[in-house]
Amino acid sequence: MSEAREQEAAASAGQGGAMQKKMKKELAPALELRRITRIYHQGQRELVIFRDLDFTLPVGEVAALVGPSGAGKSSLLHIAGLLEKPTSGQVHIAGVNCSELDDISRTRIRRFGIGFIYQFHHLLPEFTAEENVILPQIMAGKSKKAARARAHMLLETLGLAERMKHIPSELSGGEQQRVAIARALANEPLLLLADEPTGNLDPETAARVHELLLNLIRAEGLAALIATHNMELAALMHRVVHLQHGKLVEEFPGGAPA
Ligand SMILES: Nc1ncnc2c1ncn2[C@@H]1O[C@H](COP(=O)(O)OP(=O)(O)O)[C@@H](O)[C@H]1O
Ligand SMILES: [Mg+2]
């Protein structure tokens, strides 16, 4: 990538939706992991989760991240989402090498460029669904009016028009996860990272929430990396990558061994 493009990507990294609109496939990938190594130390022992792992996710592409429990899916998503630093290697978001940035810049890219959905919703319990989606936008500097309009659009798209004024404890598990999806997308990120977002839901609800999530990802033109145990849901995405013995193995829908 040219220096001019790199500067453009860096400049737009703080502008949420503007960043997304500017990025085209021929520009930098939404996410690029280069030679990522993660080692945990347990007393004298070294636990190598992955070593020299490479991964590229172009703008607008949706990939499933599968692998057995303990394979390192959450660790990988936390590193990609700039929530944790790898032992070594680089994380590039929209062409920006985030490994070289200070904490303030990393936080800014995380806040404006990346949406994160966890297995458990992590909504603020004392705030309504609407407020949970408005607040991150206010924190990002949006006007209250614009934040409310975006929150309503997202919640309505996710079938929650009648649930906006409810607090999380008044919502079902599937509804809570749908609010968490709206919150993750509130600031119009370029990249969505989801850690088993439907893992706590019954199969029917999981399929419904998953469908809504994929529709919204397409409508917003997002790149997404979604960890899941559910191979049926994984097969609905552009790519399936399998985390095995510290390496990512690419699988192709329909042609992959179980
Ligand atoms: N903070 C930590 N310290 C030590 N080991 C950890 C830590 N976090 C995760 N691990 C280990 O790293 C491995 C991968 O964990 P994780 O990323 O949660 O896997 P997954 O999400 O695929 O189930 C597991 O063996 C887990 O015990
Ligand atoms: Mg996990």
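The values are calculated or read from the model by the stated rules, or taken from the named source; none is laboratory data. Quantities reported herein were computed from a predicted structural model and do not represent experimental measurements. So basically every Cβ, Gly included, is an ideal-geometry build from the backbone, and we count neighbours across all protein chains shown.
When SER88 is tested against the conditions (1) more than 13 Å from ligand 1 (Cβ to nearest atom); (2) buried (at least 16 other Cβ atoms within 10 Å of the Cβ), the lone failure is (2). Within region 193-217, residues that are within 12 Å of LEU158 (Cα to Cα) and of a type in the set (S, T, N, Q) have Cβ atoms under 8 Å from residues that are in a helix (DSSP H, G or I) and more than 16 Å from ligand 2 (Cβ to nearest atom) in these pairs: ASN215/THR157, counting only partners at least 6 apart in sequence or on another chain. Being within 27 Å of VAL240 (Cα to Cα), surrounded by fewer than 14 Cβ atoms within 10 Å (Cβ to Cβ) and within 16 Å of ligand 2 (Cβ to nearest atom) is a description that applies to SER69. Residues of region 139-159 that are at pLDDT below 95 and either small (Gly, Ala, Ser) or touching an Asp or Glu at 6+ places or on another chain (Cβ under 8 Å) (or both): ALA140, GLY141, GLY159.
Which one is surrounded by the most Cβ atoms within 10 Å (Cβ to Cβ), of the residues in region 97-131 that are assigned to a strand (DSSP E or B) and not aromatic (Phe, Trp, Tyr)? It would help to see each step written out before you state the result.
So the first thing to find is which residues in region 97-131 are assigned to a strand (DSSP E or B), and the list is 97, 114-117.
Next cut, not aromatic (Phe, Trp, Tyr) only: 97, 114-115, 117.
Values: ASN97: 14, ILE114: 23, GLY115: 27, ILE117: 24.
Filtering region 97-131 for residues that are assigned to a strand (DSSP E or B) and not aromatic (Phe, Trp, Tyr), the one surrounded by the most Cβ atoms within 10 Å (Cβ to Cβ) comes out as GLY115.
For every residue, the table says whether it meets (1) basic (Lys, Arg); (2) closer than 26 Å to ALA180 by Cα; (3) touching a strand residue (DSSP E or B) at 6+ places or on another chain (Cβ under 8 Å).
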position	(1), (2), (3)
LEU47	no, no, yes
LEU57	no, yes, yes
LEU65	no, yes, yes
SER74	no, yes, yes
ALA80	no, yes, yes
ASP102	no, no, no
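If I filter region 161-172 for residues that are within 16 Å of ligand 2 (Cβ to nearest atom) and either among the hydrophobic types (A, V, I, L, M, F, W, C) or under 24 Å from LEU243 (Cβ atoms) (or both), do I get at least one hit?
no
Which ones in region 77-88 are touching a Leu at 6+ places or on another chain (Cβ under 7 Å) and more than 9 Å from ligand 2 (Cβ to nearest atom)? Matches in region 77-88: ALA80, GLY81. Is region 180-196 home to any residue that is in contact with a strand residue (DSSP E or B) (Cβ under 6 Å, 6 or more places away or on another chain), outside any helix (DSSP H, G or I), within 16 Å of ligand 2 (Cβ to nearest atom) and not hydrophobic (A, V, I, L, M, F, W, C)? Yes, region 180-196 has at least one match.
I'd like to know if region 165-176 contains one or more residues that are part of a helix (DSSP H, G or I), of a type in the set (Val, Ile, Thr) and either at pLDDT 90 or above or touching a helix residue (DSSP H, G or I) at 6+ places or on another chain (Cβ under 8 Å) (or both). First the steps, then the outcome.
Our first condition is that a residue be part of a helix (DSSP H, G or I); within region 165-176, this holds for 168-170, 173-176.
Checking which are of a type in the set (Val, Ile, Thr) leaves us with none.
No, region 165-176 contains no residue that is part of a helix (DSSP H, G or I), of a type in the set (Val, Ile, Thr) and either at pLDDT 90 or above or touching a helix residue (DSSP H, G or I) at 6+ places or on another chain (Cβ under 8 Å) (or both).
Listed by first and then second residue, the pairs with beta-carbon distance under 6 Å, at least 6 apart or on different chains, first residue in region 83-101 and more than 12 Å from ILE114 (Cβ to Cβ), second not in a strand (DSSP E or B), are GLU84/HIS78; PRO86/ILE79; GLN90/SER99; GLY95/MET1; GLY95/GLU6; GLY95/ALA9; GLY95/ALA28.
Just checking, does region 239-247 include any residue being away from ligand 1 (no atom under 16 Å from the Cβ), in contact with a strand residue (DSSP E or B) (Cβ under 6 Å, 6 or more places away or on another chain), more than 28 Å from LYS142 (Cβ to Cβ) and outside any strand (DSSP E or B)?
Start the filter on region 239-247 by keeping residues that are away from ligand 1 (no atom under 16 Å from the Cβ), which leaves 239.
Going one step further and asking which of them are in contact with a strand residue (DSSP E or B) (Cβ under 6 Å, 6 or more places away or on another chain), we end up with 239.
With more than 28 Å from LYS142 (Cβ to Cβ) added as a condition, the list becomes 239.
From what is left, the residues that are outside any strand (DSSP E or B) are none.
Scanning region 239-247, I find no residue that is away from ligand 1 (no atom under 16 Å from the Cβ), in contact with a strand residue (DSSP E or B) (Cβ under 6 Å, 6 or more places away or on another chain), more than 28 Å from LYS142 (Cβ to Cβ) and outside any strand (DSSP E or B), so the answer is no.
For region 91-118, a residue qualifies if it is within 16 Å of ligand 1 (Cβ to nearest atom) and within 12 Å of the chain's Cα centre (by Cα), and the qualifying residues are PHE116, ILE117, TYR118.
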